[in-house]
Amino acid sequence: MKRFTLYGSPHSLPTYKVALMLRLSNEPFSFRYVSFQKGMNKTPEFLALSRWRQVPVLIDRERTYLQSAAVVEHLAATLGRFQGADAATRQRVREWLCWNVDALFPPIFNCYGVELGRNKLLPIGVEPTIADHYRGRAEAALSVLDSHLAGGAYLCAAEPTIADLFCYGDVAFAELCAFDLGRWTHVAGWAERVTALPGFKAPFELLAMENAELS
Ligand SMILES: N[C@@H](CCC(=O)N[C@@H](CS)C(=O)NCC(=O)O)C(=O)O
């Protein structure tokens, strides 16, 4: 039995962020696919794990960890990977995680929802003006990311930290929503650096809609 079990969905941006952290840390894990279409997130078994009925959920040995930002911080601390070399860097990392949850993730998550609706993978249709609003918010957040990346190879240090992996998780899904990274040249260069890290896998190369034992 592996130390880590990750509950989630390959269509979930926060699930990908946690899976990518495990993958780039070279940690094997069991993946348990939670199908929203089948209502698996509403079963008593899942509710016992996830008080907000959300994925991802990480089990580390017998303990349960929720909220992707808190999960990757836990992993960085416990594995000693991608956490930043000193207290000042770790504080900056934490600030980027909070900014992500506040500003980058929501509009890209919404754009991806629009995309899933268009492809009939979700039973939703979004008014074009609302879809444009999400896109505008995502573009603004990508521009903020771009301006910060103009100053260095990674967000908080000369080496990648969980701030980079976490923000990259959303950028990967932005690309799936046909955002052209060529518009944000610093983001494009940084994304190339992240995707070149040993062990990197893109969202649907890493996770599929089925349970799996991943190494
Ligand atoms: N802040 C949470 C967000 C998680 C989240 O939005 N999960 C979505 C899938 S991407 C979910 O489980 N939605 C079901 C629901 O909210 O009922 C995190 O970062 O873990």
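No lab work stands behind these numbers, since they all come straight from the coordinates. Since we're looking at a predicted model, the values are computed, not measured. Virtual Cβ from ideal backbone geometry, glycine too; neighbours counted across all protein chains shown.
Numbers at a glance
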{"quantity": "Loop-located trypsin sites (Lys or Arg not before Pro) in the range 91-180, at most 13 other Cβ atoms within 10 Å (DSSP)", "calculated": "Lys120"}
{"quantity": "Nearest-20 debye value, the chain charge dipole, Cβ charges on Lys, Arg, Asp, Glu", "calculated": "600"}
{"quantity": "Dipole magnitude of the range 87-195 about its Cα centre (Cβ charges: Lys, Arg +1; Asp, Glu -1), debye to nearest 20", "calculated": "160"}
{"quantity": "GluC sites (Glu not before Pro) restricted to the range 16-93 and DSSP loop, no more than 14 other C-beta within 10 Å", "calculated": "Glu62"}
{"quantity": "When the chain is reduced to its Cα atoms, the Kirkwood hydrodynamic radius in Å", "calculated": "17.6"}
{"quantity": "The chain, helix-only ellipticity at 222 nm - DSSP H runs n ≥ 4, -39,500 (n - 2.57), divided by all residues, nearest 500", "calculated": "-16000 deg cm²/dmol"}
{"quantity": "Positive-end residue, the range 87-195 charge dipole about Cα centroid, Cβ charges, pick of Leu165, Ala141, Ala178", "calculated": "Leu165"}
{"quantity": "HN-Hα J in Hz across the range 203-215 - Karplus 6.51, -1.76, 1.60, θ = phi - 60°, x for Gly and Pro", "calculated": "x, 8, 7, 7, 10, 10, 7, 7, 5, 7, 9, 10, 10"}
{"quantity": "Low-density loop cleavage sites - chymotrypsin sites (Phe, Trp or Tyr not before Pro) in the range 48-94, where at most 15 other Cβ are within 10 Å (DSSP)", "calculated": "Trp52"}
{"quantity": "Separation between Cα centres of the range 103-128 and the range 194-212, rounded to whole Å", "calculated": "22"}
{"quantity": "Size of electric dipole in the range 80-147: Cβ of Lys, Arg +1 and of Asp, Glu -1, about Cα centre, debye, nearest 20", "calculated": "260"}
